[in-house]
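For reference, the structure discussed in these notes is given below.
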Amino acid sequence: MLVVALLALASASFSYGLVLAIRSELAALDPASPHGDVDTVIYSAPNASGQKRVLAILRGDESRVLVPSDQIAPIMKQAIVAVEDKRFYEHKGVDVHAILRALWADVRSQSVVEGGSTITQQYVQNAYSRNKDTLARKVREAALAWQLSQRWSKDRILTAYLNTIYFGNGAYGILQAARTYFDRSASELTLPEAALLAGLPRSPTFYDPVQHPAAARERRAYVLQLLFEQGRITKAERRKANAAPLPRPEDVRLPGTHGPAAYFVNYVTDQLVSHYGSPEQVFGGGLEVTTTIDLDLQEKARQAVEEILKDPSGPAAALVAIDPRTGAVKAMFGGTNYRRSQFNLATQAERQPGSSFKPIVLASAFRNGIAPSTEFVSKPVKIDAGDRIWSVSNYEGSYLGQIDLRQAMVASDNSVYAQLTQVVGPKKIVRTAHALGIQSKLPAYFAIGLGSVAVNPLDMTRAYATIANDGKRVDGSLLGDLPRVVASVRSRRNGKVKQNAPMDRAVLPPAQAETLTSILEDVVDQGTGRRAEIYGREVAGKTGTTDDYGDAWFVGYTPELAVAVWVGYPDALRPMRTEFHGEPVSGGTLPAEIWRAFMTRALGDAPAESFTPAPYLPAYDLRVVHRGGRWQLDNGFCPGTRVTSYFVGEEPPTTAKCYANEVTVPVVIGRSLESARATLESVPLTPDLVYVPAKPRSRPGHVVKQEPRGGYLSANDSVRLFVSLAQNGLVPNLVGSSLPDAKQRTRKLRLAVRIRYAAGSPSGTVLRQSLEPGIALEPGLPITLLVADGSRSSSQPPRSATAARQPG
């Protein structure tokens, strides 16, 4: 008993101590109180003398200005409650119902699909917790949330929550969010604006209306639907709000001043927030972040753009430079005025790359064993894309006849690379693009082969840098498969340093990457990229121009730097038909000139480096056929073959099973024997009949199975048909028969007859029957006969045999 009493006393003392400790921490939850934040400082890469420059200081109150409750639009409060915690005004800080509902949803899906945290718990987590996600921490947060609900009003909790959550694009708190996205105060927010903002905290990056407008619009619609279901808005208000436009990308900007390389800093900040999981770990998180940006190269990028694009009302440009050996982003020119627009043309302007995507198609071909000596006929082509016919023609209708893939790259031949896309397959091209470092979502359409997909300059630079680095993509040891913009992160709290060291990931064998580089050298020496030539230096690259001159690209590299340049109008897809001295802007004009101007400055007087010479890669021509979703070797009998050149040792591993005088086996299952026989004999193939019992109620004399089902055979080979045969006879046609005759016939067939009467004449004649004549029957099969009762009226309902005497 004494032991039990002591244990009880110890438990009570512990619980009391925990309550007191938690109460003592409540004051720190007030967003207006000091939190002990330590500034995060973002630095440039060290310069030649080892000095780093401060790019930005991210304080705990960065982008956050506290506003009282009466300065927040009521619809904003309603929207955030609707989507984050609809029982906010009912529970005491911890919602047991939501926890159980979330647990049940997770169990059903066998994954975490729904959270159970209330707004109060989320606020406690954001405002207080910085340690790891442990059970003890969750219990402590729940206890704090419960205590907070006892001491603060619901409105105070909701106001504090809205003042502290992160809305993306650097906006921290509802006032800065309203200013960043809509250039208005929090009290002036409208229904569609409030719904958009309410949907952001769950995933500010994924639902960012600048980078992912479709996802943002869908999320806003979801919030509006919740408001409607909860009776906060009418159907008309929901419809009108759904039709409201999203903020224009160029209008989304955070008020305030910024240091050098502001677009780059914003991109780095987004990477850090995504990695650490919450803005609080970054803003005021006590980090010292050394980035990869070279401010000298950054300035030279600006100078190059301004040297070539002199008209402020003309097209704009974006430029990204990456050291291919380390994956370090050395320069990022994303716009001319960060104060006016935070829209980063280098990372957010996803536009079609045109022919600058062709090296990625060729890299995908290499990964599938296809050598550059493979030939196609350059001509107008029509490709069956499944749901439509894809017609492809060359620029200005110029065709070169039979050419190989190297020549087609130099000439930027659309016809050949459309045919290569059909051979390789769009899905494999998408996989190669992502493996090379492209982060944008890419649809597996046939048009991907000609660059009709949306990418950004950072994507393209990283992909080309992988090719330049002997086919090795460079990731970061800390941040993983992302453009490497962070070199290291040091905690100012404990002094620990985490390196984001370069990590190579092989995508192409070095010999294949070097071969691709040699082809891209030819593009600059002999093809469309001649304006990018730099005297005395080896340059590889590719131009890209979209239809009607809406976008123009040059992406290229030397051994030291990979650089992408995009030129176009950022606000809309506008044709650039006269902006190059009265001529159209193609990838070989303004983008190539900007590329050369930057690279000339960037490389300066440094000794010229050389690419590793491409080795001889033996290849030989093979006749192949596309069977079973893959290319297979021709066994000598296959129709529809083509000749493809394969690297030695990388040819298709299987040989197709084709037949002499091969014909396609039609599928005739479900047809009548007569129809199936006629179809096979017309191929010509010989039907081999096997009869099987027909299922009751089915119509016999039809093909129920065949061997082989589809595929190929030689002409006049046999196809085995399994034909249904009625073993117990067929259902007769009894309509018009007298009842006695009908009874006699059904009795012989052992059918279970049920008689019903209806108005009609002559009396005792079968008017209708329930089973269709000619189908297979079995003993005991029920059949209902409708028999005329001799009356002329048709208004009376039918009578069953149990209610009427059968006529004599």
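The values are calculated or read from the model by the stated rules, or taken from the named source; none is laboratory data. Note that this is a predicted model, so its numbers are computed, not measured. For neighbour counting, all protein chains shown are included, and Cβ atoms are generated from backbone atoms with ideal geometry for every residue, glycine included. Keep in mind that these areas ignore ligands, DNA and RNA; they rest on the heavy atoms of the full protein, side chains included. Shrake-Rupley method; radii C 1.70, N 1.55, O 1.52, S 1.80 Å.
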Cα-based Debye curve of region 437-493 sampled at q = 0.31 Å⁻¹ gives log₁₀ I(q)/I(0) of -1.24
Which whole number of Å³ per residue matches the convex hull of the alpha-carbon atoms in region 278-330? 148 Å³
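Taking 22 Å as R0, compute the FRET efficiency from the Cβ-Cβ separation of Arg754 and Leu730 and round it to 0.05. Walk me through the numbers on the way to the answer.
Numbers: r = 20 Å, r/R0 = 0.89.
The pair Arg754/Leu730 has a calculated efficiency of 0.65.
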What's the whole-number percent of alpha carbon pairs in the chain lying beyond 55 angstrom? 36 percent
Can you find, among Thr686, Ala656, Cys638, the residue sitting farthest towards the positive end of the charge dipole of region 623-707, where Lys and Arg contribute +1 and Asp and Glu -1 at Cβ? Thr686
Formal net charge of residues neighbouring Arg238 (Cβ-Cβ distance under 12 Å; K, R +1; D, E -1): +3
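Determine the dipole magnitude for region 184-257: charges of +1 sit on the beta-carbon of Lys and Arg, -1 on that of Asp and Glu, nothing else is charged, the reference point is the Cα centre, and the result goes in debye to the nearest 20.
Numbers: 12 positive and 8 negative charges, 45 e Å.
The dipole magnitude comes to about 220 debye.
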Could you compute how much accessible surface Thr641 exposes when probed at 1.4 Å, giving the result in Å² to the nearest 10? 40 Å²
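Determine the gain in length on full extension of the stretch Arg156-Glu350; use 0.36 nm per residue of separation and subtract their C-alpha separation, reporting nm with one decimal. Display every interim value, and only then the final one.
Working: separation 194, 0.36 × 194 = 69.84 nm, distance 4.14 nm.
The span from Arg156 to Glu350 would gain 65.7 nm if fully extended.
May I ask you to give the average projected area over all directions of the convex hull of the Cα atoms of region 468-600, in nm² rounded to one decimal? Each step should come with its number before you reach the end.
Working: hull surface 44.7 nm².
Projected area, direction-averaged: 11.2 nm².
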How much of the pair distance distribution for region 161-205 lies past 15 Å, counting alpha-carbon pairs only, in percent? 29 percent
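When Rg is the radius of gyration of the Cα atoms in region 585-707 and Rh is its Kirkwood radius, what does Rg/Rh come to? Display every interim value, and only then the final one.
Values: Rg = 29.3 Å, Rh = 21.1 Å.
Computed over Cα atoms, the ratio is 1.39.
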Along the charge dipole of region 250-393, Cβ charges K/R +1 and D/E -1, which of Ile322, Val282, Gln342 sits furthest on the positive end? Ile322
Place a +1 charge on the Cβ of each Lys and Arg in the chain and a -1 charge on the Cβ of each Asp and Glu, then give the dipole magnitude about the Cα centre in debye, rounded to the nearest 20. 4080 debye
Summing +1 per Lys or Arg and -1 per Asp or Glu among the other residues with Cβ less than 11 Å from Ala371's Cβ gives -4
Between Ser675 and Thr600, what is the spin-label point distance in nm, taking each point 7 Å from the Cα along the Cα→C-beta axis? 7.4 nm
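Starting from the Kirkwood Rh over alpha-carbon pairs, what translational D in µm² s⁻¹ does region 407-509 have by Stokes-Einstein at 10 °C and 1.306 mPa s? Show your work: numbers first, answer last.
Working: Rh = 15.4 Å.
Here the translational diffusion coefficient equals 103 µm²/s.
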Could you sort Val265, Val704 by their accessible area in this structure, using a 1.4 Å probe and putting the largest first? Val704, Val265
At a probe radius of 1.4 Å, what is the per-residue accessible area of Glu141, in Å² to the nearest 10? 10 Å²
Distance between region 486-529 and region 219-235 - C-alpha centres, whole angstrom: 47 Å
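Which FRET efficiency value, to the nearest 0.05, is calculated for Gln439 and Thr655 with the Förster distance at 41 angstrom and r the Cβ-Cβ distance?
On the way: r = 39 Å, r/R0 = 0.96.
Efficiency computed from Cβ-Cβ geometry: 0.55.
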Over all pairs of different Cα atoms in region 677-796, the reciprocal of the mean inverse distance gives a Kirkwood radius in Å of 16.9 Å
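Can you tell me what share of the DSSP beta bridges in region 723-791 is antiparallel? A percent to the nearest 5 is fine. Intermediate results must be reported in sequence, preceding the final value.
Values: 5 of 12 bridges.
The antiparallel fraction comes to roughly 40 percent.
Can you send over the carbon and sulfur percentage of the accessible area for region 346-409, probe radius 1.4 Å, protein chains only? Could the numbers behind the result be given before it?
Numbers: 1180 of 2670 Å².
Of all accessible area on region 346-409, carbon and sulfur atoms account for 44 percent.
Given a 1.4 Å probe and heavy atoms of the protein chains only, how would you sort Phe228, Phe611, largest accessible area at the top?
Greatest to least solvent exposure: Phe228, Phe611.
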Report the relative contact order of region 273-408, percent, no decimals, based on alpha-carbon pairs under 8 angstrom and at least 6 residues apart. 14 percent
Hypothetical label at Arg630: residues of region 654-697 whose amide nitrogen lies under 20 Å (7 Å Cα-Cβ projection): 654-659
How big is the gap, in Å, between the Cα center of region 319-338 and the Cα center of region 687-715? 66 Å
Residue-level accessible surface for Lys300, protein heavy atoms, 1.4 Å, Å²: 40 Å²
Amide H partners (placed H, <5 Å) of Ile775, local residues excluded: Val731
What nm distance separates the two modelled labels at Ala608 and Gln499, each placed 7 Å from Cα along Cα→Cβ? 3.5 nm
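Send over the Kirkwood Rh of region 690-759, from the inverse of the averaged 1/r over different Cα pairs, rounded to one decimal Å. Don't skip to the end; give the middle numbers.
Details: mean 1/r = 0.0649 Å⁻¹.
This gives a value of 15.4 Å.
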So how far apart, in nm, are the two label points at Leu689 and Glu229 if each is 7 Å from Cα heading toward Cβ? 6.0 nm
Computed ³J(HN,Hα) along region 700-715: with the Karplus parameters 6.51/-1.76/1.60, θ = phi - 60°, integer Hz and x for glycine or proline, the list is x, x, 10, 7, 9, 6, 9, 9, x, 8, x, x, 9, 8, 7, 4
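Could you work out what % of the accessible surface of region 698-739 is carbon and sulfur, using a 1.4 angstrom probe and leaving DNA, RNA and ligands out of the count? Intermediate results must be reported in sequence, preceding the final value.
Details: 960 of 2070 Å².
Of all accessible area on region 698-739, carbon and sulfur atoms account for 46 percent.
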Can you give the net charge of the other residues whose Cβ lies under 10 Å from the Cβ of Ala614, counting K and R as +1 and D and E as -1? -2
Give me the compactness ratio for region 245-358, meaning the Cα radius of gyration over 2.2 N^0.38 Å. 1.16
Between Arg792 and Arg248, 0.36 nm times their residue separation minus their Cα-Cα distance comes to what? 188.2 nm
Probe 1.4 Å, protein heavy atoms only - accessible area per residue of the chain in square angstrom: 46 Å²
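Roughly how big is region 146-204's charge dipole about its Cα centre, with Cβ charges of +1 (Lys, Arg) and -1 (Asp, Glu), in debye to the nearest 20? Please list the in-between numbers first.
Details: 6 positive and 4 negative charges, 52 e Å.
Using Cβ point charges on Lys, Arg, Asp and Glu, region 146-204 gives about 240 debye.
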Holding the Cα-Cα limit at 24 Å, pick out from Lys382/Lys428; Lys300/Lys358; Lys330/Lys498; Lys52/Lys472; Lys427/Lys705; Lys358/Lys441 the pairs that are longer than that. Lys300/Lys358; Lys52/Lys472; Lys427/Lys705
